[in-house]
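The values are calculated or read from the model by the stated rules, or taken from the named source; none is laboratory data. All figures in this text were calculated on a predicted structure; none of them were measured in a lab. For neighbour counting, all protein chains shown are included, and Cβ atoms are generated from backbone atoms with ideal geometry for every residue, glycine included. Please note that ligands, DNA and RNA were not included when accessible areas were found on the heavy atoms of the full protein model with its side chains. Shrake-Rupley method; radii C 1.70, N 1.55, O 1.52, S 1.80 Å.
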Amino acid sequence: MNTNNGFNNEYEFVKYLNGKKIKELNPLFQDLFEYLYPYESMDSTISCWRNHYPQKTDIMVRVNKVIKGISIKMGSRNSVHVEPISEFIHFLIENNISRESVIGYLKYHYADGTTNGSGGVRKSAADYKINHQAEIDKINKELKNGKLLKKAMDRFVLKGNNSEYSIDALIWGDVNDFLWLSKYDIGEIIMHKAANYSSSIHFSSLVVQPKNRCLNYNPKYEKDRYCIQVKWYSLFDDIIELIYIKNYQFFQDDHVNSLQ
């Protein structure tokens, strides 16, 4: 996704929400605000502004004295987190990932035969996997630990590593057509998909990769080799699946109740 498109989309949400009363919102937003502010009057006025700090919350929404934080995504191949590889490695070590897997991740990340990016021949992820898939699978086996997944979810999606506060909701789409998840929905998805297979390094649905492998040695992107990027490639599909599951459960519960 183009960064400018993302910023513009966030400003569209701010423009749409700021100064409106809850009762003036379109049905999509009314559903979201019923969740965020279940005890507020429909006549309450909304204040909304963009968060200018580099945190997971993209826009802040206030109704009376209650402030909620919302993360906004759009398009495909959604990036949810970027950080220096050194910080990510510390995160793995702090969470008792084995030395073998830490070294294995570094080799996967640089894919040039080294653990520091100094090798002369760089491989694409696809080429690297040809001879190293078993090593990747072994790393992933460690990363699906439930306690670690909760910490990864906080770091990569909900809080980041520079905020004490979690987002309250995540929106995918634009002001006229969007889907949304509560932070509890996100936890449900991540834990439900913990055992899903991927040929890439991943924490459930969250795929970890270099920000740029820089296979063409372009100096403009060389620094990006030393950052990890977390992608939620299946975000839209995961939201749709959760909606289907919830609707199915609601139908089943309603059917059972009607028979009692």
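Listing for the model above:
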read-out	value
Residue in region 206-223 that is out of contact with any strand residue (DSSP E or B) (no Cβ under 7 Å at 6 or more places or on another chain) and under 22 Å from Ile70 (Cβ atoms) present	no
Cβ pairs under 8 Å, 6+ apart, first in region 192-205 and over 19 Å from Tyr108 (Cβ atoms) and in contact (Cβ under 8 Å) with a residue 12 or more places away in the chain, second surrounded by 19 or more Cβ atoms within 10 Å (Cβ to Cβ) and of a type in the set (Ser, Thr, Tyr)	Lys193/Ser204; Lys193/Ser205; Ala194/Ser204
Given (1) among the basic types (Lys, Arg); (2) open to solvent by 40 Å² or more (accessible area, probe 1.4 Å); (3) touching a strand residue (DSSP E or B) at 6+ places or on another chain (Cβ under 8 Å); (4) under 30 Å from Val14 (Cα atoms), number of the condition Lys56 does not satisfy	(2)
Every residue from region 30-76 that is aromatic (Phe, Trp, Tyr) and touching a residue at least 60 places away in the same chain (Cβ under 8 Å)	Tyr35, Tyr53
Among residues of region 100-122, those that are part of a loop (DSSP other than H, G, I, E, B) and either under 19 Å from Arg155 (Cβ atoms) or touching a residue at least 24 places away in the same chain (Cβ under 8 Å) (or both), counted	3
Condition check for Glu12: of a type in the set (D, E, K, R), within 17 Å of Leu181 (Cβ to Cβ), open to solvent by 40 Å² or more (accessible area, probe 1.4 Å) and part of a helix (DSSP H, G or I)	no
Unmet criterion (only one of (1) more than 30 Å from Asn216 (Cβ to Cβ); (2) surrounded by fewer than 19 Cβ atoms within 10 Å (Cβ to Cβ)) for Gly113	(1)
Residues that are open to solvent by less than 50 Å² (accessible area, probe 1.4 Å) and either over 19 Å from Phe203 (Cα atoms) or not aliphatic (A, V, I, L, M) (or both), drawn from region 99-110	Ser101, Gly104, Tyr105, Tyr108, His109, Tyr110
Some residue of region 85-99 being more than 25 Å from Lys15 (Cβ to Cβ), assigned to a helix (DSSP H, G or I), touching a His at 6+ places or on another chain (Cβ under 8 Å) and of a type in the set (Ser, Thr, Tyr)	no
Breaking point among (1) open to solvent by 30 Å² or more (accessible area, probe 1.4 Å); (2) part of a strand (DSSP E or B); (3) not polar (S, T, N, Q), for Ile72	(1)
Exclusive hit being in contact (Cβ under 8 Å) with a residue 40 or more places away in the chain, under 22 Å from Val66 (Cβ atoms) and not β-branched (Val, Ile, Thr), set Asp177, Asp185	Asp185
Residue in region 147-169 that is modelled with pLDDT of 95 or more, buried (at least 16 other Cβ atoms within 10 Å of the Cβ) and assigned to a strand (DSSP E or B) present	yes
